[in-house]
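Here the structure comes first, spelled out in structure tokens, and everything after it is commentary.
The values are calculated or read from the model by the stated rules, or taken from the named source; none is laboratory data. None of the values given here were measured: they were computed from a predicted structure. Neighbour counts run over all protein chains shown; Cβ positions are idealised from the backbone, glycine included. Areas reflect the complete protein model, heavy atoms only, side chains present, ligands, DNA and RNA absent. Shrake-Rupley method; radii C 1.70, N 1.55, O 1.52, S 1.80 Å.
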Amino acid sequence: MMQILRTVAELRTRVRGWKADGRQVGVVPTMGALHEGHLSLVRAAKRGCDRVIVTVFVNPAQFNNPEDLAKYPRTEAADAALLAEEGVDVLFAPGPDEVYPAGFASQVIVSGVSAPLEGERRPGHFEGVATVVTKLFGMTQADRAYFGQKDWQQLQVVKRLVADLNIPVEVVGCETIREPDGLAMSSRNVRLDPLSRAQAPALHRILQKAAQALRGGAEVAPVLAQAVAEVKQAGFSEVDYLELRTAAMLEPATSVAQPARLLAAATIGDVRLIDNIPV
Ligand code: AMP
């Protein structure tokens, strides 16, 4: 039976019992509004660990835009039903006051890999992510933590902070799960109007085409410029970035000689979508 816990104290009691029995604990941090992408992480955690905690917390600290926070979908009852069906042991769903009690004053800042792309467009976002993820690791004492490659930069930020702060957790990155038409699954997709939903898969299609051209030896700058133009033609109103970066450090990449990643953020309707693929 899955338990829904809302306080750190209850969570710690539960985890202490598991650890005393020598159980390996996995955690899947989420903001809820769960879809198949999240469930793929849950299944990986189930395969890799004896006990699985899924956290659902819409973290105010990582929203640079109050409207985005207000509009973020919240579907706890449906989430709980899905997680129970997957055989999750604990759904940890604390309120904001449990995570950020009065007097809270600390922040985890990861420089370097947090700076470009999302870091530049969403000031404070990765500080919010790094802080809450560090707290979730402390709260859950998990041995392994599962994150999606959908948020590639976030995955690199989390790997960096775990290494830098000697947190005894193994970070596992899982493949991006897509709709049949290629659109990366995202909790924000429910906010797409029908036309935008129909146009949105173009982002992935165009990234794939660009990756193929780059692998074929095409020059980077013209391929990226062409891809940006195509994304706009496809119905996106704004392309925040569409760039080739080194896979781990996310430094600008001028060739595909080293492991590289194409990453993009673009707005369609009033929804900002991100996606990335290996090159
Ligand atoms: P979120 O609820 O958006 O904060 O996402 C929680 C976790 O699920 C993060 O590690 C995301 O990278 C991951 N995730 C979100 N969408 C997908 C997807 N389409 N495929 C794989 N993982 C995903």
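Brief remarks follow.
- Restricting attention to region 6-32, the residues being open to solvent by 20 Å² or more (accessible area, probe 1.4 Å) and within 16 Å of the ligand (Cβ to nearest atom) number 2.
- Residues within region 39-61 that are open to solvent by 30 Å² or more (accessible area, probe 1.4 Å) and closer than 14 Å to Pro29 by Cβ, tallied: 1
- Identity of the residue in region 141-165, out of contact with any strand residue (DSSP E or B) (no Cβ under 6 Å at 6 or more places or on another chain) and among the acidic types (Asp, Glu), that ends up farthest from the ligand (Cβ to nearest atom): Asp164
Results for (1) part of a helix (DSSP H, G or I); (2) assigned by TED's automatic domain parsing to the domain that holds Glu120; (3) in contact with a Gly (Cβ under 9 Å, 6 or more places away or on another chain), shown as yes or no for each residue.
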site	(1), (2), (3)
Arg197	yes, no, yes
Arg205	yes, no, yes
Ala210	yes, no, no
Leu214	yes, no, no
Ala225	yes, no, no
Lys232	yes, no, no
Phe236	no, no, no
Tyr241	no, no, no
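Residues are listed down the side, and each one gets a yes or a no for (1) within 16 Å of the ligand (Cβ to nearest atom); (2) in contact (Cβ under 8 Å) with a residue 12 or more places away in the chain:
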position	(1), (2)
Gly48	yes, yes
Val54	yes, yes
Thr75	yes, yes
Glu85	no, no
Pro94	yes, yes
Glu98	no, yes
Gln107	no, yes
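- Hey, Leu224 of a type in the set (A, V, I, L, M), open to solvent by less than 30 Å² (accessible area, probe 1.4 Å) and farther than 30 Å from Gln141 by Cα or not: yes
- Checked against the criterion of being open to solvent by less than 30 Å² (accessible area, probe 1.4 Å) and within 16 Å of the ligand (Cβ to nearest atom), the candidates Leu214, Leu192 yield just one match: Leu192.
- Qualifying residue in region 130-139 (condition: open to solvent by 20 Å² or more (accessible area, probe 1.4 Å), within 13 Å of the ligand (Cβ to nearest atom) and either under 19 Å from Ala264 (Cα atoms) or of a type in the set (Lys, Arg) (or both)): no
- Any chance Val231 is of a type in the set (Val, Ile, Thr) and open to solvent by less than 50 Å² (accessible area, probe 1.4 Å): yes
- Qualifying positions in region 148-158 - touching a residue at least 40 places away in the same chain (Cβ under 8 Å) and either among the polar types (S, T, N, Q) or open to solvent by 10 Å² or more (accessible area, probe 1.4 Å) (or both): Gly148, Gln149, Lys150, Asp151, Trp152, Gln153, Gln156
- Matching entry among Asp68, Asp50, Asp21 (being modelled with pLDDT of 95 or more, farther than 24 Å from Leu82 by Cα and not aliphatic (A, V, I, L, M)): Asp21
- Scanning region 228-279 for residues that are acidic (Asp, Glu) and over 23 Å from Lys71 (Cβ atoms) yields Glu230, Glu243, Glu251.
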